[in-house]
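Structure, as structure tokens:
The values are calculated or read from the model by the stated rules, or taken from the named source; none is laboratory data. Everything numeric in this text was worked out from a predicted model, so none of it was measured. Heads up, the Cβs are rebuilt from the backbone with ideal geometry, glycines too, and the neighbour counts pull from every protein chain shown. Remember, those area values only see protein heavy atoms, side chains included, never the ligands or the DNA or RNA. Shrake-Rupley method; radii C 1.70, N 1.55, O 1.52, S 1.80 Å.
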Amino acid sequence: MRNVVSEAKLEQLLALLEHASEGLMVHDTEGVLRYVNQRFCSVLGYTRAELMQLTVFDIEVGIDAAKVRQIWRLMVDGEVVDLEGEHRAKNGETVGIRVRARCDDSSGERLFYIAAREALESYDFAIAINRELESIQQRLVASEASYRALLDTVKEAIMVLDWDSALCIWANDAACEMFGYTREELRSFTGRMLLHESRRHEADTLSETLRQGGRAAGRLLMKRKDAEAFWADFSITVYDTLQGKRMVDVFRDVSDTVRYQEELERKNQALMAAQARLLHSDRLATIGQMAASIAHEINNPAAYVVTNLQALRALLETEETPLADLQSELLPMVHDSLDGIQRILDTTRDLKSFSRLDQQELLWVDLNEVVRVAAKLAANELRHRAVLRLELQPLPKIPASEGKLTQVLVNLLINAAHALEQGPGDGQQARVTVTSRAEKRELVIDVRDTGPGVAPEVRERLFEPFVTTKTPDRGTGLGLSLCAEIMRAHRGSIELVPTAIGACFRLRVPVDTGLKVSRAAPCAPEPPARRLRVLLVDDEPLLLKSQDRLLKRHFEVLTAGGGAEALDVMRRDPDIDLVVCDLMMPVIDGPEFRDRVLAELPEYSARVHFCSGGAFTERVRGYIAEHGVTVLDKPVTREVLESLVERGASEYPLGR
């Protein structure tokens, strides 16, 4: 800090010398002028720039160079020389001047300091100069004391460190209080020594930053004398001074701020966990309300599939009837059974999209398809209460959470169904209409019903938690508040739009939701010319048999009843093209199987694919999210496998 004050003192000294009544000059041993003040210039009639181009030999009259150098030698020996002589002015006239001169080499260079006064002045020049210098010195001492007092009053810790040694040169009172050391103790510390042991490696990076740019700022973990660790925001600036390069460090203790931020982060995490639990609770409540609809969608096709299979078994057990005669009866039963199974699979896939709420999976989503899935899931709630109409215009796909948007639509449709239990508001047929359209850079979905509408006293608080007009067995009051939160997460909104009859909820979603879909479509290579060899891995023997029967006409199918058996097959056979492994298996599940393939059989890494019926543990769900895995639906069909071959890569980025 002492050198920072010295720079200020130097500026003050120069200002005072410029306004001195005596002419002042400094020159080197060659007579080259190094400094002249304004008074010296005015006595001789030169500008400063003109004088700085001359030497002392150009302006002195009546004395040769040898005499001048003799006088210089006297000054080098320590004498202060008083002389009267003549100097040549710019206009050619001679000016008589009385001078006092001395030599000094404390700066590392030998310089001569000359104070000059016109000889005709009436008072003693030497006395005046001494008084002037004494006055300047007194003012500089007072200024230094003022600077020190000022720096000791600030709250921030300020330290000045030497660049070469990194040792502390000066510290203010706040620095002593912050670190717990006296000024004398701090003089033996470098900046690195004041860092906490766990963060001292950061000093190297910080030094490089200062070396390149001269400035640095940030936050560091420091240590006090009593070994207490604390966080400090810092700002460091490098200065060049007459005594060398210095670093001025300013620190501010932000430990309380860091603790507050950490506590805020903990509370935010707890709030997010609570919100996730609320979202899960509302989803379970919605699934409970949809249970009858889901059962209906599964039971009906399951019933006629079972009936057809029973009839098929009876026909096959009848030996009297030739097989050719049975075809007319068998084929319709098989077609009907396949249709029924497909309906069941469609229902479970719709439920899976709804369950993706827990997976935080971001996909390119068609909002119209989300509306159709939600309509199927809420179909039983609506079937006996109202006519559902979908008026959907083509929409571009957007990056979004399919499961969360499905929940929003399901909630709105179920709310509309419950509102229509009281009868239509216009006395006509009860209707629920869902429309979609694109408006500039937004996609708009309207869910409109012809019910009694929303009571005025509820409208203002409709999207607040626990606000509901339903009975406790029908709703928790969380649905619309969670819908609003989901829409905000997609940069969208939900609002109740004024309408003459019933209620109309409007969803707005921007085309750019700000969400990122991580996976990119891979390039498509040439399909293989030979028959593909596929290894199916599943712990369910009956499923393996049925998959084998389905696929063996198109592929060479190998099967394994678990991860360990599959690894043995793959070690023996390097020519397997695709491996489709069940995600949930005992002993070695899908994630462990994939990890072992990557470690033991890396040549297979891009050929391994997952399939599942949809029930995931928390560990498996975390693995899927971490590695960006896409899971194929069971049963795996010929078309799905051929699609994988055409795409030429896995559904997830194994190459990372």
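Go through (1) loosely packed, with under 14 Cβ neighbours inside 10 Å; (2) assigned to a helix (DSSP H, G or I) one by one and return the number of the condition Asp240 breaks.
With respect to (1) loosely packed, with under 14 Cβ neighbours inside 10 Å; (2) assigned to a helix (DSSP H, G or I), Asp240 is out only on (2).
If we scan region 232-241, do we find a residue that is under 25 Å from the mean Cα position of the chain (by Cα) and of a type in the set (Asp, Glu)? Working first, answer last.
Step one: list which residues in region 232-241 are under 25 Å from the mean Cα position of the chain (by Cα), which gives 232-235.
Next, from what is left, pick out any that are of a type in the set (Asp, Glu): 233.
Checked against the condition, which is being under 25 Å from the mean Cα position of the chain (by Cα) and of a type in the set (Asp, Glu), region 232-241 yields at least one hit.
Residue by residue through region 606-631, note down the ones that are touching a helix residue (DSSP H, G or I) at 6+ places or on another chain (Cβ under 6 Å) and either open to solvent by 30 Å² or more (accessible area, probe 1.4 Å) or on the phi > 0 side of the Ramachandran plot (or both).
Within region 606-631, just Gly614 meets the criteria.
Residue-by-condition table, conditions (1) modelled with pLDDT under 90; (2) closer than 16 Å to Asp538 by Cα; (3) in a strand (DSSP E or B); (4) open to solvent by 30 Å² or more (accessible area, probe 1.4 Å):
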| site | (1), (2), (3), (4) |
| --- | --- |
| His554 | yes, no, no, yes |
| Ala566 | no, yes, no, no |
| Arg571 | yes, no, no, yes |
| Pro574 | yes, no, no, yes |
| Pro586 | yes, yes, no, yes |
| Asp595 | no, no, no, yes |
| Ala599 | yes, no, no, yes |
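Between a first residue in region 229-252 that is in contact (Cβ under 8 Å) with a residue 60 or more places away in the chain and a second residue that is open to solvent by less than 30 Å² (accessible area, probe 1.4 Å) and of a type in the set (Lys, Arg), which pairs have beta carbons less than 8 Å apart while being 6 or more apart in sequence or on different chains?
Val238/Arg246; Tyr239/Arg246
Could you list all residues from region 184-208 that are more than 17 Å from Glu228 (Cα to Cα) and under 30 Å from the mean Cα position of the chain (by Cα)?
His201, Glu202, Ala203, Asp204, Thr205, Leu206, Ser207, Glu208
Please tell me if Ser135 is open to solvent by 50 Å² or more (accessible area, probe 1.4 Å), farther than 24 Å from Asp240 by Cβ and at pLDDT below 90.
Answer is no for this residue.
Which of the residues spanning region 210-233 are open to solvent by 50 Å² or more (accessible area, probe 1.4 Å) and closer than 13 Å to Met247 by Cα?
Result: Arg211, Gly213, Arg215, Ala217.
Could you list, in sequence order, the residues of region 243-272 that are in a strand (DSSP E or B) and surrounded by fewer than 16 Cβ atoms within 10 Å (Cβ to Cβ)? Break it down stepwise before answering.
Applying the first criterion (in a strand (DSSP E or B)) to region 243-272 yields 244-253.
Passing the criteria: Gly244, Lys245.
Would you call Pro541 more than 27 Å from His627 (Cβ to Cβ), at pLDDT 80 or above and within 45 Å of the chain's Cα centre (by Cα)?
no
Could you look through region 508-538, keep only residues that are touching a strand residue (DSSP E or B) at 6+ places or on another chain (Cβ under 7 Å) and assigned to a loop (DSSP other than H, G, I, E, B), and pick out the one that is modelled with the lowest pLDDT?
Checking each candidate, the answer is Arg531.
Tell me which residues, restricted to region 173-193, are touching a strand residue (DSSP E or B) at 6+ places or on another chain (Cβ under 6 Å), of a type in the set (A, V, I, L, M, F, W, C) and assigned to a helix (DSSP H, G or I).
Scanning region 173-193 gives Ala174, Ala175, Met178, Leu186.
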